[in-house]
1. Counting alpha carbon pairs within less than 8 Å and at least 6 residues apart, what relative contact order, in whole percent, applies to segment 250-380?
2. Given axes a ≥ b ≥ c from the Cα gyration tensor, I'd like to know whether segment 60-147 is rounded (a/c under 1.5), prolate (a/b larger than b/c) or oblate.
3. Radius of gyration and Dmax for the chain's Cα atoms, expressed in Å?
4. Kindly work out what percent of the DSSP beta bridges joining two residues of segment 271-413 are antiparallel, to the nearest 5.
5. Answer rounded, prolate or oblate for segment 134-185, using the Cα gyration tensor with square roots of eigenvalues a ≥ b ≥ c: rounded when a/c is under 1.5, else prolate when a/b is larger than b/c, else oblate.
6. Mind pulling the angle between the C-alpha long axis of helix 145-159 and the longest principal axis of the chain? Nearest 10 degrees, somewhere in 0 to 90.
7. Using only Cα atoms and rounding to the nearest 10 degrees, what angle (0 to 90) does helix 392-402 make with the longest principal axis of the chain?
8. Highest mean first, how do 363-371, 282-290 rank when packing is the count of other Cβ atoms within 10 Å averaged over residues?
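What follows is calculated from the coordinates using simple rules that are stated; it is not laboratory data. All values reported here derive from a predicted model rather than from experimental measurement. Cβ coordinates were reconstructed from backbone atoms using ideal geometry, including for glycine residues, and neighbour counts include every protein chain displayed.
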């Protein structure tokens, strides 16, 4: 069986020592990411050991200084770097295979885990005692950071290498929304039976995965200090580092659990525009008809308006250099907005108003949705509100199942 350890740090868990600030915000300077907690409180995990680091451009401290710089300055024996999808610098297109390379600043090898291999090979792990993982997850099931983390855990466990996850806040807070993935649909964009918006951190997900998948690994999570689950990233004082080329703002991350589903349709999700995953569009979209229908649904926490945009080098093969008519989503209330329910309503409106032009990419849509039932229900004319309500019992069971793996307080002073 795996062994999972959580370091509680100097303040006795991950809640920090400072008094709470305004509702929904952390006290200034009180939130410290896992890399800072490691260097201040937990150097015993890396002292005198040969260290590999799985990270990318998001692996920075509260001041924006990279993990690589911080670890080397602290005398940590960093011997190899590993990168996930989009590469070490975060500039590769989605799904693009990334080659291994050498870091010009340090001379360290950068082994790509999104190219010829998705897991460290025994040769890559040779001479490594502990693997650190520091990746800023986006809060949605589809993102592949968890897949990479799981692959690292499996490979490290087989080679007798410890794994330490340097945790970070869930950037979009702790709400749990969307359907729960069916086991038959486990892929790189859905590794566990969890909702589209899971409300957990990468460290918590690693703990859940170790149990769900019976991964035999010595796993430690160094938690975020001073963070509570409802607090979004822009209220922590920590920098926002875009996780990829098409998720350029925190607003886009809030919409992503819903708008990512449109990757499995013949609509653009705005890749190659200034608002990817905040808008959808197509040359044939009747924005006026769709907007009237959507606004009549009175969906909470979001408003819609019509736009035009022209994707430039979108990377998904959809409508490059073509003028598109689109629907832009703007979040108005984080506490009530449900991007997954909004996506179901928007998909329903497209089926109603554009039955001849709108099309699924069935295999891809079902892979993202984690089920074929959602597509079939929309295609069959089911009420979108009924579809969303049908998720309730599955979400309730997930919330119970995840409790043993949670590390952070849900709120309050």
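1. RCO, segment 250-380: 30 percent.
2. Details: a/c = 1.61, a/b = 1.19, b/c = 1.35.
Oblate is the answer for segment 60-147, as a/c is 1.5 or above yet b/c matches or exceeds a/b.
3. 21.2, 65
4. 90 percent
5. oblate
6. Helix 145-159 sits roughly 30 degrees off the main axis of the chain.
7. So the inclination is approximately 0 degrees.
8. Peptide ranking by packing, descending: 363-371, 282-290.
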